[in-house]
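Worksheet: the structure to be examined is printed underneath.
The values are calculated or read from the model by the stated rules, or taken from the named source; none is laboratory data. All values reported here derive from a predicted model rather than from experimental measurement. So basically every Cβ, Gly included, is an ideal-geometry build from the backbone, and we count neighbours across all protein chains shown. In case anyone asks, the SASA skips ligands and DNA or RNA and just uses the protein heavy atoms, side chains included. Shrake-Rupley method; radii C 1.70, N 1.55, O 1.52, S 1.80 Å.
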Amino acid sequence: MALIVQKYGGTSVGNTDRIKNVARRVAEYRNRGDKVVVVVSAMSGVTDGLIKLAKDIVPLPSEREMDMLLATGEQQTIALTAIALHAINVPAVSMTGAQAGIVTDGVHTKAKIHNISPKQVHDALDAGSVVIVAGFQGETKDGQITTLGRGGSDLTAIALAAALKADLCQIYTDVDGVYTADPRLVPGAQKLPEISYDEMLELASLGAKVMQSRSVEFAKKFGVVFEVRSSLNDNPGTIVKEETKSMEGVVVRGVSLDKNQAKVTLVGVPDKPGMAARIFKAIGDATVNVDMIVQNISHGSGSPATDLSFTVDKPDLLKAQKVIEGLKQEIGYKEVLTDEKIGKLSIVGIGMKSHAGVAGKLFETLANESVNIGMISTSEIKISVTIDLAKGEQAIKAVHKAFIG
Ligand code: ADP
Ligand code: ASP
Ligand code: MG
């Protein structure tokens with residue numbers, strides 16, 4: 001008898017037939033004697049729909065109220081899934097994140113999990129029930145509802161698997177596993193039998209939304225081995241785990257394109273100590289994540305000034321802009337420009353550590369496609385560039401062909 005955590009994403013619970021399909025799969029495991037904890041997302045489109053409703057009222061709604069609103073999406077699905085299990089005579093009980101004991105900090109819309117005390121989950125499992133937990137949500141110790149960032153049901157599943165010391169953690173989605181690129185963008189993408197935490201983490205942070213990046217970080221920290229697989233067939237999926245020697249032979253494991261980035265440029269920032277510190281402290285205080293940063297010194301006449309550009313997630317652009325505008329007097333920059341028409345293209349692989357010439361080959365491939373490179377950033381196992389969004393799909397196909405085939 002094993003304890004299994006299964007997570008089903010939005011498409012996998014996208015309508016009542018899909019929910020019945022999930023119930024059948026859960027029942028198979030339960031009926032062979034396993035204890036099953038099921039984490040579900042909101043039905044596909046529901047979270048986006050709720051966000052749109054709020055933004056129809058005001059562009060920057062209160063983050064506390066957004067959490068209150070968005071948490072309802074997952075609550076619909078847990079109840080429907082429990083009902084579908086009852087319909088096939090499987091005892092099941094639904095639980096909110098709070099009932100499952102998921103305690104978070106108070107950073108609304110991107111809360112971090114503090115700890116999990118899954119007493120109710122254990123009790124229900126011991127009583128023979130399947131437990132259905134609402135993904136993506138938690139509660140502060142003061143009883144405020146929080147959410148864990150977009151795609152956060154992945155994190156709920158991984159964190160519960162760690163807290164419950166589950167024997168198996170399965171992430172069911174609408175593709176057969178993790179591919180060398182998004183199979184919707186690159187038809188020639190290949191399914192990977194396995195991938196290391198570090199590679200998965202980079203790919204996830206760089207736009208491969210198949211896994212939420214924070215969930216992978218959590219899995220790595222707590223050594224949770226998990227499988228990404230399809231809820232629509234029985235094909236073996238992709239195992240995500242610690243790297244092994246044999247993984248190093250591959251230079252580029254995957255390619256990603258993040259269409260969800262925006263660039264902010266501050267023109268004419270006085271070139272003196274403390275400016276970048278002031279700007280990024282304020283951005284950080286507003287809990288906006290910054291990824292790439294580029295600074296150019298302008299050599300014009302008058303007092304020296306620099307242009308400072310950085311990228312943020314598109315949904316955070318308005319917030320970042322507000323923060324920057326609030327600093328105009330203090331910093332004395334000339335103007336702020338924003339650009340939402342950028343894409344971030346990245347190649348990822350632990351084999352890059354020991355191979356030279358990878359960056360050159362990437363830049364050459366893009367040059368051959370007449371794709372202009374904006375910002376560049378690198379780490380030991382990845383290279384990212386910003387490019388014109390309109391050329392993103394053409395570029396990712398060419399880069400995939402050059403490095404993977
Ligand atoms: P879920 O609703 O199950 O959480 P998501 O939509 O969040 O599913 O993630 C699955 C999607 O991720 C796939 O439909 C696919 O288009 C996309 N994706 C992006 N990059 C990759 C990749 N490298 N491998 C597999 N899927 C990817
Ligand atoms: N429903 C949430 C979202 O759409 C969480 C998730 O699906 O994982 O982001
Ligand atoms: Mg997802």
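Points to keep in mind about this one:
- Overall Cα dimensions of the stretch 39-87, principal axis frame, Å, largest first: 42, 18, 14
- A simple charge model with +1 on the Cβ of Lys and Arg, -1 on the Cβ of Asp and Glu and nothing else charged puts the dipole of the stretch 87-181 at about 240 debye relative to its Cα centre.
- When the Cα convex hull of the stretch 268-405 is projected onto planes of every orientation, the mean area is 10.1 nm².
- Shown for the stretch 161-291: the carbon plus sulfur share of the solvent-accessible area, taken with all protein chains present and a 1.4 angstrom probe, equals 53%.
- Based on the reciprocal of the average 1/r between different C-alpha atoms, the Kirkwood radius for the stretch 116-211 equals 15.6 Å.
- The chain - accessible surface per residue (Å², probe 1.4 Å): 44
- The chain: angle of helix 46-57 to the longest principal axis, Cα-based, in degrees nearest 10: 50
- Peptides 129-136, 206-213 ranked from most to least packed by the mean count of surrounding Cβ atoms within 10 Å: 129-136, 206-213.
- Volume in Å³ per residue [convex hull over Cα atoms, computed for the chain]: 152
- 0 to 90° range, to nearest 10: angle between helix 317-326 axis and the chain longest Cα axis: 50
- Note on K35: lysines with a C-alpha under 16 Å away, same-chain residues under 8 apart excluded, are K7, K119, K165.
- Counting only Cα atoms, the size of the stretch 155-302 along its three principal axes is 67, 38, 31 Å, in decreasing order.
- The stretch 285-374: trypsin sites (Lys or Arg not before Pro) in DSSP loop, at most 16 other beta carbons within 10 Å: K334, K341
- For K401, the lysines whose Cα comes closer than 23 Å to its Cα, not counting residues fewer than 8 places off in the same chain, are K191, K209, K259, K344, K353, K361, K382, K391.
- Kirkwood hydrodynamic radius (C-alpha pairs) into Stokes-Einstein, the stretch 6-88, 10 °C and 1.306 mPa s, D in µm²/s: 115
- Cut-off 19 Å, label 7 Å out along Cα→Cβ of V336, residues of the stretch 265-292 by amide N: 265-271, 275-292
- Crossing angle, helix 213-222 versus the chain [Cα axis fit, 0-90 degrees, rounded to tens]: 60
- Peptides ranked, highest mean first, by Cβ atoms within 10 Å: ranges 378-386, 255-263, 82-90: 255-263, 378-386, 82-90
- Antiparallel content of DSSP bridges confined to the chain, in %, to 5: 65
- Taking the accessible area of the stretch 31-85, probe 1.4 Å, and keeping the other protein chains in place, the carbon and sulfur fraction comes to 62%.
- Over the chain, dividing the summed -39,500 (n - 2.57) contributions of all DSSP H runs of at least 4 residues by the number of residues returns a 222 nm mean residue ellipticity of -10500 deg cm²/dmol.
- Estimated inter-spin distance, Q144 and N296, nm [label 7 Å along Cα→Cβ]: 4.1
- 14 Å Cα-Cα reach of K110 towards aspartates and glutamates, excluding residues that sit fewer than 8 places from it in its own chain: E63, E65, D67, E139, D154, D285, D313, D316
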